[in-house]
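Only one structure is covered here, and it is reproduced in the block below.
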Amino acid sequence: LKILDIGCGGGLLCEPLNRLGAKITGIDASSDNIEVAKLHSKEMGLNIEYICCPPENLNFSNEFDVILNMEVVEHVTNLNLFIKNCSKLIRKNGIMFVATINKNLKSYIFAIIGAEYVLRWLPIGTHDWDKFVTPQILETIANKNNFLSDETIGMKFNLLSKKWVKSSDASVNYISTFLKS
């Protein structure tokens, strides 16, 4: 199984997936994130390819079985172009996962005011509400770029257990899966 993790950060998903036997390529626009990920995977004896670049600069063509876009699309300037480029990177019948933030008043309160200003989980200015996207708009863009919607589920953070759980409520955080047609 060949997996592309876009916006891989420090390799949080790359490492466990590689341990499970997947061939992983992690890309990130931050050279600092890539260097940390390379160093850590080398120390752990893992075989992960890390590349510092945005997805539109990759020269792969229909090479990956799975694309992970986890907490990436809410930072992209041109979402249609981003999804179009993802479509070029994945094989027919491949799966793309998109974890992002819905666009509504509740998500603004929780993801920006709550996470950035009140709880200080993220630096102020991390998110731009104008780049948040509803599941419906994400599905429309994905459909235009040869993806079929499979499922959308909500994600909620439980403050008491400090764990994320699946939810039927996709009003703030959600994960959509798409199949390449």
With springs only between Cα atoms under 10 Å, which of THR134, THR25, THR77 fluctuates most in a Gaussian network model of the chain?
THR77
For segment 106-147 and segment 6-46, distance of Cα centres in Å:
24
Could you work out the relative contact order of the chain? I mean the mean sequence separation of Cα pairs under 8 Å and 6+ apart, divided by the number of residues, in percent.
19
Expressed as a rounded percentage, what relative contact order does segment 77-151 have, with Cα pairs under 8 Å and six or more residues apart?
38
Could you pull the accessible area for TRP129 with a 1.4 Å probe, rounded to 10 Å²?
80
Shape box of segment 32-100 [Cα atoms, principal axes, largest first, Å]:
37, 26, 22
Cross-link reach from LYS88 to lysines, straight Cα distance under 24 Å and at least 8 residues apart if same chain, gives LYS2, LYS23, LYS131, LYS144, LYS180
If I ignore ligands, DNA and RNA and count only protein heavy atoms, how much of CYS53 is accessible to a 1.4 Å probe, in Å² to the nearest 10?
20
Sorted by accessible area (1.4 Å probe), largest first, how do ILE113, ILE153 line up?
ILE113, ILE153
Tell me the accessible surface of GLU63 in square angstrom (1.4 angstrom probe, heavy atoms of protein chains only), to the nearest ten.
50
Segment 65-181 - accessible surface per residue (Å², probe 1.4 Å):
55
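The values are calculated or read from the model by the stated rules, or taken from the named source; none is laboratory data. On a predicted model such as this, the values are computed, not experimentally measured, just so you know. What goes into the accessible areas is simple: the full protein's heavy atoms, side chains included, and nothing from ligands, DNA or RNA. Shrake-Rupley method; radii C 1.70, N 1.55, O 1.52, S 1.80 Å.
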